[in-house]
Amino acid sequence: MSAEKFDIHYVANLARIALTPEEEQRLGSQLGNILGYVEQLRAVDVSGVEPTSHAFPLVNVVRADVRQPGLETEEALRNAPLKANGLFMVPKIVE
Amino acid sequence: MPHRLNISELTARLARRETSAREAMQSCLDHIGRVDSAVKAFLSYDTADALAQADRADREIAEGRTHAEKPLLGVPIALKDVLCQQGQPLNCGSKILGNYRSPYDATVVVKLKEAGAIVFGRLNMDEFAMGSSTENSAFFTTRNPWDTDRIPGGSSGGSAAAVASNECLASLGSDTGGSIRQPAALCGCIGVKPTYGRVSRYGLVAFASSLDQIGSFTKTAADAALMTQIISGHDPRDSTSLNEPVPDYRAALGNDLRGLRLGVAKEFMVGGLDPEVRDSVDAAIRQLQSLGATVEEVSLPHSEHAVATYYIIATAEASANLARFDGVRYGARVAGSDPTEMYERTRGAGFGAEVKRRIILGTYVLSSGYYDAYYLRAQKVRTLIRNDFLKAFEKVDAIVSPTTPTAAFRLGEKTQDPLQMYLSDIFTISCNLAGISGLSMPCGFTKSPKLPIGLQLLGKPLGEPTLFHIAHAYEQATGWHLERAPLA
């Protein structure tokens, strides 16, 4: 994908990051360069190659279905920016 | 001056009652007071807690507890600001975590404490471990103790600089693409990136989960073996940790390399390599031969694509991992009229430029329509990179290379061009993609200014004993590790 088709405004929105116009300009051009650099991977022959997601694929790691101790509510809320009644407070989600 | 000792020396003196844990801890704190305004390795440290831990260690020693039972009893060890220590601040070098304090200990911290260590201090780093110089820290840049106009490397720059300047006896860091080995090389200490899964990541703030691994910074190879011994092992709290027994790493230390086969990757001894770095690494290879190792050329043909592969895979994983920093459950929230606006403002204000750059890149390579072209293709190239190593390891026991293409660069030298900064990790990145073991150790110095040069050893999966064996034999033969920085 060529760099000029990279829509920084759209992708920053997907990533839920508010950018200033100056940041959009600067990050957009830097990311264009980086995307240009990673283009080299197109030249690699990967036909018939399986993808690696982990160096040592461990599948279905399970534990016994037994109750484990966890963080107490008060501890879990200790770092909350806003809390009430043992809950995290957030802006209104539905009218 | 116990802060100048290595772990083996300090524990021997503690055992003989020639010094106390309190004296050792106080010596480190006094030294930090003298030099850290110049080195700037520590974000913070809790003096009262550190001394209380030291007093507990002294009581245990008085009660007859030995270092055979608790190998780190009374040894001051500091942490990169990415590892949870209960009740202590954790910021990951970022503004977005606000006044966060960890509610629990990371598994490695539990293990250090069980071994008797005094765990103290938060060491500076590039924000969320994204960087190669600590210049991406939201707080300040750590300086190289050999030359304070230069960077210490990154992202675990604080961990390397603190050990190199004798502010602590050892430290822990994390390595996703070289973040332990590169700063260890640039500051002149021993840095270990264990095999993926060897050390539990529970309580390590995740950057790229398939690449991240915790490891140590020490002053000697024997100390590296000890630290790795203590932090390794299976942990039910990390489902990617390997359920394999941990061998006795210290038993692997020897002075003789006869029978060992070493590989030199022709792709790593190429253009862009500083002549002084090349000369030091060539001399180190000859030294290893004189100790009995045989050396042959190996080929890692896909390593030229490692940086590109890494910056797709690591950023993709980071974009998912860092979604949790949304201002809901912890950290510095910026209010918004609805949750989405709150997330966007919180993340816009809380993350620095490099973190934004990587999250956005990672989001892009995973987004609809681009996934196959970028992310899936990178995962396939990752397979090829890993296969290159596995093939090379059929012929050799370890691979020797420079850790970095140059010695420490100047502050500000690469901050305007992220791609140039990324390329400073060109020799370290493929190790993480392949999931193998790696280590960096001092192998000489540049002439003027005098700056450390790092030798990288890459080992098989779970090949740590071989790395410690080589590192110990080399350091005994050369003594490079004994050279101290002007600020030490």
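The values are calculated or read from the model by the stated rules, or taken from the named source; none is laboratory data. Predicted model, so just to flag it, every value in this text is computed and none were measured. Virtual Cβ from ideal backbone geometry, glycine too; neighbours counted across all protein chains shown. What goes into the accessible areas is simple: the full protein's heavy atoms, side chains included, and nothing from ligands, DNA or RNA. Shrake-Rupley method; radii C 1.70, N 1.55, O 1.52, S 1.80 Å.
Each row is one residue, and each column tells you yes or no for (1) in contact with a strand residue (DSSP E or B) (Cβ under 7 Å, 6 or more places away or on another chain); (2) acidic (Asp, Glu); (3) closer than 27 Å to B:Glu413 by Cβ.
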| position | (1), (2), (3) |
| --- | --- |
| B:Gly98 | no, no, no |
| B:Lys111 | no, no, no |
| B:Ala129 | yes, no, yes |
| B:Asn136 | no, no, yes |
| B:Phe140 | no, no, yes |
Filter pass, B:Asp58 being open to solvent by less than 10 Å² (accessible area, probe 1.4 Å), in contact with a Lys or Arg (Cβ under 8 Å, 6 or more places away or on another chain) and under 23 Å from B:Asn166 (Cβ atoms): no
Subset of segment A:40-65 (residues that are exposed (fewer than 14 other Cβ atoms within 10 Å of the Cβ) and either in a helix (DSSP H, G or I) or more than 8 Å from every other protein chain (Cβ to nearest Cβ) (or both)): A:Arg42, A:Ala43, A:Asp45, A:Ser47, A:Gly48, A:Pro57, A:Val59, A:Asn60, A:Val62, A:Ala64, A:Asp65
Spans of helices (runs of 4 or more DSSP H) in segment B:1-63 with at least 3 residues over 27 Å from the mean Cα position of the chain (by Cα) and within 21 Å of B:Ala222 (Cα to Cα): B:7-15
Filtered residues of segment B:336-352 (kept if touching a residue at least 40 places away in the same chain (Cβ under 8 Å) and buried (at least 17 other Cβ atoms within 10 Å of the Cβ)): B:Thr346, B:Arg347, B:Gly350, B:Phe351, B:Gly352
Subset of segment B:364-373 that is within 7 Å of chain A (Cβ to nearest Cβ) and open to solvent by less than 20 Å² (accessible area, probe 1.4 Å) - its residue that is modelled with the lowest pLDDT: B:Ser367
Evaluation of B:Phe409 against (1) open to solvent by less than 40 Å² (accessible area, probe 1.4 Å); (2) of a type in the set (A, V, I, L, M, F, W, C); (3) touching a Ser or Thr at 6+ places or on another chain (Cβ under 8 Å); (4) over 21 Å from B:Glu276 (Cα atoms) (one fails), failing number: (4)
Any hit, segment B:187-200, residues being within 14 Å of chain A (Cβ to nearest Cβ), within 30 Å of B:His31 (Cα to Cα) and under 9 Å from the mean Cα position of the chain (by Cα): yes
The listed residue being more than 14 Å from chain A (Cβ to nearest Cβ) and aliphatic (A, V, I, L, M), out of B:Ala335, B:Ala293: B:Ala293
All helices (runs of 4 or more DSSP H) inside segment B:337-432 with 3 or more residues being over 22 Å from the mean Cα position of the chain (by Cα): B:339-350, B:353-366, B:377-395
